[in-house]
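The values are calculated or read from the model by the stated rules, or taken from the named source; none is laboratory data. These figures come from a predicted structure and were not determined experimentally. We place every Cβ from the backbone using ideal geometry, glycine too, and count neighbours over all the protein chains shown. Only protein heavy atoms, including side chains, enter the accessible area calculation; ligands, DNA and RNA are left aside. Shrake-Rupley method; radii C 1.70, N 1.55, O 1.52, S 1.80 Å.
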Amino acid sequence: MLLLRDGAPGLEVYLLRRTRGMPFAGGMTAYPGGGVDDRDGDTELAWVGPPPAHWASAFGCDERLARELVCAAVRETFEEAGVLLAGPADGSGAVVPDVSGDDWEAQRQALLGHELSLAELLAGRGLALRADLLRPFAHWITPPPERRRYDTKFFAALLPVGQEARDVSGEADEAVWTTPAAALAEHAAGTRPMLPPTIHTLGQLTPFADAAATLAGSPPAPLEPISPTFEQGPDGNYAVLPDGTRIRMVTPLPS
C-alpha cells in the first residue's frame, strides 16, 4: 500500500524498513503490505466503492482474487500502519476517524494472530470496507531466476483525516513519512536500500504535487505486469524493466 499524505514539503509516502533478520528483503525499505489471508475473500464483508469486477479488470484476475486483494490491502495497512480504510456502511462517505484506542489495538492484535477476520472486525463495528479510497497503482512479478517468487499488486490511498500512521509493525525497525524524491536520494547515496518495485513506484510518484493529484493520475487500468531481468555491470547489478529502464540494485547496510 502506497499510503499518501500532504506534508509541509509536499506529497509524502509512508515507508517501513524491514528488520534485517527477515528471510526476504531484510534491511530493505518497503511499503506496508503482505499476503492474502484465507478469509480475505469473505463475501459477508460490507463493501463501499468499485466492486470486485472493477479490481479484477485492473489486475487481470478473477473476481474472487480481486476481492481478496482489496481486503488484504486494507487489512495489512491496519496491521502494519494502524490505518483503517473503512467507514459506515450507509454510503455517507464518512471514514472512521480514529483507530488508535486500546479496543482497536486489541482487535489489530487479533487480526495479526488470525483470531479475527477483517469481515468480523468491520461487522462488529457496523463498518464497511471503503474500496473507493484505494487506487490500483502497479503490478509486479518476480522473474523465474529468483528463488522466492511473488505476484504483487500495489495500491495507493490517502491517509484518512483524523487517523495517524503508527509504527506498530513487528516486521520493521523504522517507519517514516518522507517525500518520494528524498527517499530516492537516500537510495542513490546507498543509505536506504530498496527493491526495484519500491524504487520504480517512488519514481512514479515524484511528478505529483499532492496526494489528490496522485490518486487522480494513478496509472490507467488494466495494469501491465512488470517482470524485470537482471544484469551485472562493472559498476554494480541492475534490474532491467521491459521498457528498458535500468534500476541499480543496492544491498542492505551491515547491521
Evaluate E = 1/(1 + (r/R0)^6) for A106 and W177, where r is the Cβ-Cβ distance and R0 equals 35 Å; express this FRET efficiency to the nearest 0.05. 0.85
For 96-108, 230-242, 154-166, ranked highest to lowest by mean beta-carbon neighbours within 10 Å, the order is 154-166, 96-108, 230-242
Once you charge only the Cβ atoms, +1 for Lys and Arg and -1 for Asp and Glu, what is the size of the charge dipole of the range 128-255 about its Cα centre, to the nearest 20 debye? 220 debye
Helix-derived [θ] at 222 nm for the chain: sum -39500 (n - 2.57) over DSSP H runs of at least 4, divide by residue count, nearest 500? -8000 deg cm²/dmol
If you place +1 on the Cβ of every Lys and Arg and -1 on the Cβ of every Asp and Glu, how big does the dipole about the Cα centre of the chain come out, in debye to the nearest 20? 700 debye
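Quick check: residue separation of V240 and D132 times 0.36 nm, minus the Cα distance between them. What number comes out in nm?
35.6 nm
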Per residue accessible area of the range 1-158, 1.4 Å probe, in Å²: 42 Å²
Between D90 and A189, what's the calculated FRET efficiency when r is the beta-carbon distance and R0 is 41 Å? Round to 0.05. 0.25
Rounded if a/c is under 1.5, else prolate if a/b beats b/c, else oblate: with a ≥ b ≥ c from the C-alpha gyration tensor eigenvalues square-rooted, which is the range 37-113? oblate
For the range 150-221, give the percent of accessible area contributed by carbon and sulfur heavy atoms, probe 1.4 Å, rounded to a whole number. 59 percent
For the chain, the charge dipole (Cβ of Lys, Arg +1; Cβ of Asp, Glu -1; about the Cα centre) points to a positive end, and the Cα of G244, A123, L85 closest to that extreme belongs to G244
If the label point is 7 Å along Cα→Cβ of R125, which residues in the range 45-73 have backbone nitrogen under 19 Å from it? 45-49, 70-73
What is the packing order of peptides 54-60, 194-200, 120-126, taking the mean over residues of other C-beta atoms within 10 Å and listing the highest first? 194-200, 54-60, 120-126
Can you tell me how the range 1-143 classifies by the Cα gyration tensor, rounded, prolate or oblate, using a/c under 1.5 as the rounded cut? rounded
Inter-part distance where the range 183-233 and the range 69-105 are each reduced to a Cα centre, Å: 25 Å
Positive dipole terminus of the chain, leading residue within A185, A46, P234 (C-beta point charges): P234
Segments 34-47, 131-144 sorted - mean Cβ within 10 Å per residue, highest first: 131-144, 34-47
Of the residues L205, G217, A165, the Cα lying farthest along the dipole of the range 114-255 towards its positive end, which is defined by charges on the beta carbon of Lys, Arg, Asp and Glu, belongs to G217
Write down the accessible area per residue of the range 179-255 in Å², having rolled a 1.4 Å probe over the full set of protein chains. 53 Å²
How high is the relative contact order of the chain, in percent, with contacts defined as C-alpha pairs under 8 Å that are six or more residues apart? 26 percent
If you put +1 on each Lys and Arg Cβ and -1 on each Asp and Glu Cβ, how big is the dipole of the range 35-104 around its Cα centre, in Debye rounded to 20? 320 debye
At a 1.4 Å probe, what is the % contribution of carbon and sulfur to the accessible area of the range 20-100? 51 percent
